[in-house]
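Presented below is the structure to which this report refers.
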Amino acid sequence: ILGLQAPIELASVTHSVYLINRIPTPILGNKCPYQLLYNCLSNLTQHKVFGSLCFSSTLASHRTKFDLRATRCVFLGYKSGTKGYIVYDLKTRELSVSRNVIFHENIFPYQPLFLWSLLITLLHKLS
């Protein structure tokens, strides 16, 4: 995720910590930190792929008959204390939290940008 804004880079670090805290480790006797802290297993069924394309539903009260029912977004993580997902709206470039999200976990809107910057980095190292 090179060249993106600071809130998105912060979301990537936060999402990484979220996942690390839910992965079992041999140091803790093959238990995860979440399990030791809350004395229960974490729910692994809700995990989604970071940076994947998703569509966040727009509120019915804020749209007219011809408005789109969902906005195209990028999944950035989970909102602490809620059941909502943190998404980045590709059109308005704003962060929001939504519960009604449809995921396309095999499509990555920023993948070409990442591959292009990786190619440039490799070319600079070769020259």
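The values are calculated or read from the model by the stated rules, or taken from the named source; none is laboratory data. From a predicted model like this one, the values you see are computed outputs, not experimental measurements. Counting neighbours? That spans all protein chains shown, and the Cβs are built from the backbone with ideal geometry, glycine included. Keep in mind that these areas ignore ligands, DNA and RNA; they rest on the heavy atoms of the full protein, side chains included. Shrake-Rupley method; radii C 1.70, N 1.55, O 1.52, S 1.80 Å.
Every listed requirement among (1) in contact (Cβ under 8 Å) with a residue 12 or more places away in the chain; (2) surrounded by 11 or more Cβ atoms within 10 Å (Cβ to Cβ); (3) of a type outside the set (Ser, Thr, Tyr) is met by Lys83 save one, (2). Is there a residue in segment 25-41 that is in contact with a Ser or Thr (Cβ under 9 Å, 6 or more places away or on another chain) and open to solvent by 100 Å² or more (accessible area, probe 1.4 Å)? Within segment 25-41, not a single residue is in contact with a Ser or Thr (Cβ under 9 Å, 6 or more places away or on another chain) and open to solvent by 100 Å² or more (accessible area, probe 1.4 Å).
Specify the residue that is modelled with the lowest pLDDT; the eligible residues are those in segment 80-99 that are assigned to a loop (DSSP other than H, G, I, E, B) and within 15 Å of His47 (Cα to Cα).
Here is the first cut: in segment 80-99, the ones assigned to a loop (DSSP other than H, G, I, E, B) are 80-84, 90-94, 99.
The next check asks that each one be within 15 Å of His47 (Cα to Cα); those that pass are 80, 82-84, 99.
Numbers: Ser80: 80, Thr82: 85, Lys83: 85, Gly84: 89, Arg99: 90.
Within segment 80-99, the match that is modelled with the lowest pLDDT is Ser80.
Inspect all residues belonging to segment 43-55 and state whether any of them is open to solvent by 80 Å² or more (accessible area, probe 1.4 Å), part of a helix (DSSP H, G or I) and either modelled with pLDDT under 85 or within 20 Å of Ala11 (Cα to Cα) (or both). Show your work before the answer.
Step one: filter segment 43-55 for residues open to solvent by 80 Å² or more (accessible area, probe 1.4 Å), giving 43-45.
Okay, now just the ones that are also part of a helix (DSSP H, G or I), so none.
For segment 43-55, residues open to solvent by 80 Å² or more (accessible area, probe 1.4 Å), part of a helix (DSSP H, G or I) and either modelled with pLDDT under 85 or within 20 Å of Ala11 (Cα to Cα) (or both): absent.
If you filter segment 101-127 down to residues that are open to solvent by 80 Å² or more (accessible area, probe 1.4 Å) and polar (S, T, N, Q), you find that the one that is modelled with the highest pLDDT is Asn106. Pairs meeting the criteria (first residue in segment 103-119 and part of a loop (DSSP other than H, G, I, E, B), second residue open to solvent by less than 80 Å² (accessible area, probe 1.4 Å) and modelled with pLDDT under 60, beta carbons under 6 Å, at least 6 apart or on different chains) are lacking. For segment 86-100, filtering for residues that are loosely packed, with under 12 Cβ neighbours inside 10 Å, of a type outside the set (S, T, N, Q) and out of contact with any Phe, Trp or Tyr (no Cβ under 9 Å at 6 or more places or on another chain) leaves 2.
Scanning segment 58-77 for residues that are open to solvent by less than 50 Å² (accessible area, probe 1.4 Å) and hydroxyl-bearing (Ser, Thr, Tyr) turns up Thr58, Thr71.
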